[in-house]
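Here's the structure, in C-alpha cells; my notes come after.
The values are calculated or read from the model by the stated rules, or taken from the named source; none is laboratory data. Model, not experiment: these values are computed from the prediction. Glycine also receives a Cβ, built like all others from the backbone with ideal geometry; neighbour counts cover every protein chain displayed.
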Amino acid sequence: MTPLTTSDTVVCPHNGKVVLKSNNGRSLVIKDSIKAITKNDLLNANIIGCTRTVAGVNAPCVKVVSVESISHLLNINNDDIVLCEKLYLSLSDTGFPLSLQGKAFLEDKVNIK
C-alpha cells in the first residue's frame, strides 16, 4: 500500500484535478516538502478544471465530499493517511469516484504491508 502525497495527481473522471494540500499530514514529510495526505486533508479539497456537462450545461465536480476510512495502517495526528490503492472509495460532490493519474510518487519507495 502506498501513501498519497502532495506530489501525486488525483482526478475526477472528467479530468478535474483535486488540489492536494497537506495540513494534517505535515508531520509526515517524505522528502523535501513532499507531505502525506490525510483523510481530513482530502475531505472538502477543491477540484478544478472538471469538464462534466449534463444536457449541454456545465455541471462540474468542484469538491471532494466523501473520504472513507481507508487506512488504519498509518495514522498521523489521529488522522488516517489516504492510500493510493483505495482512492476510488473517495467521491466528488457529483458522486463520481476519484482516481490517481499516473503512477504514485512513492510507489517504488514506500510500501506499507
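Could you tell me whether any residue of region 88-104 is touching a Leu at 6+ places or on another chain (Cβ under 6 Å), at pLDDT below 95, of a type outside the set (Phe, Trp, Tyr) and not in a loop (DSSP other than H, G, I, E, B)?
There is no residue in region 88-104 that is touching a Leu at 6+ places or on another chain (Cβ under 6 Å), at pLDDT below 95, of a type outside the set (Phe, Trp, Tyr) and not in a loop (DSSP other than H, G, I, E, B).
With the requirement that a residue be at pLDDT 85 or above, aliphatic (A, V, I, L, M) and not in a loop (DSSP other than H, G, I, E, B), what does region 10-33 give you?
Hits for region 10-33 are 10, 11, 18.
Taking the stated definitions as given, is residue 40 modelled with pLDDT of 90 or more and either loosely packed, with under 15 Cβ neighbours inside 10 Å or assigned to a helix (DSSP H, G or I) (or both)?
Considered against the rule, which asks whether it is modelled with pLDDT of 90 or more and either loosely packed, with under 15 Cβ neighbours inside 10 Å or assigned to a helix (DSSP H, G or I) (or both), residue 40 comes out as no.
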